[in-house]
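These notes are about the structure you will find just below.
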Amino acid sequence: LEQTLVLIKPDGVARNLTGEILRRIEAKGYQLVDVRLVHAQRDLLAAHYAEHEGKPFYEPLIQFMESGPIVALRISGHRVIEGFRVLAGTTDPTTAAPGTIRGDLGRDWGLNVQQNLVHGSDSVETAERELALWFSHS
Ligand code: GTP
Ligand code: MG
């Protein structure tokens with residue numbers, strides 16, 4: 001069965017949305033396999049966001065992700081990688097569809113797109129790489 005990494009970003013944890021986001025994941029039928037609360041260090045975030053290094057939003061994104069605790073989830077399910085990204089909605093909460101996590105719960109109107117509540121891996125290869133980064137402890 002496919003697995004993916006979901007991160008509840010610092011805005012989601014700070015706004016007490018962890019339970020609501022988990023509820024949506026479980027309601028969809030995905031299985032929770034592992035969970036961690038992490039105040040991420042810069043090296044972990046740099047590895048996680050290596051593909052974005054050099055982009056204009058890279059530094060603010062890393063600073064935001066360092067700003068508070070993150071809930072990391074390992075979840076499994078049928079085509080969960082693509083399915084969770086549908087559940088999350090598009091990157092910018094401004095235009096994310098109603099019914100999605102970002103569309104329903106996103107409160108960031110344009111200024112800080114990085115504050116979009118959740119992250120989900122975008123491919124099988126990315127999921128394996130990211131799960132190894134965030135769940136490397138045994
Ligand atoms: P993730 O699931 O978090 O990876 O979101 P995504 O796949 O929809 O977006 P992408 O991988 O392209 O970007 C990663 C994260 O960087 C996004 O979730 C945003 O938090 C942030 N980001 C992406 N594009 C922008 C941008 O143009 N401006 C800002 N400020 N942040 C951005
Ligand atoms: Mg991405």
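Bear in mind that the values in this text are calculations on the coordinates, not laboratory data. All of these numbers come straight from a predicted model, not from anything done at the bench. Neighbour counts are summed over all protein chains in view; Cβ atoms, including those assigned to glycine, are modelled from backbone coordinates with ideal geometry.
Summary of values
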{"quantity": "Selection from Phe64, Gly19, Leu37 lying farthest towards where the dipole of segment 10-81 points positive, charges on Cβ", "calculated": "Gly19"}
{"quantity": "Within the chain: Cβ-based charge dipole about Cα centre, in debye rounded to nearest 20 (Lys, Arg +1; Asp, Glu -1)", "calculated": "380 debye"}
{"quantity": "Candidates Pro93, Pro60, Pro69, ranked by Gaussian network fluctuation over the chain, Cα under 10 Å, top entry", "calculated": "Pro60"}
{"quantity": "Relative contact order, percent, segment 81-128 [alpha-carbon distance under 8 Å, six or more residues apart]", "calculated": "37 percent"}
{"quantity": "Contact order normalised by residue count of the chain, Cα under 8 Å, 6+ apart, percent", "calculated": "37 percent"}
{"quantity": "Under 14 Å, Cβ to Cβ, from Ser136 - net charge with Lys/Arg +1 and Asp/Glu -1", "calculated": "-1"}
{"quantity": "Radius ratio Rg over Rh of segment 15-138, counting only Cα atoms, Kirkwood formula for Rh", "calculated": "0.93"}
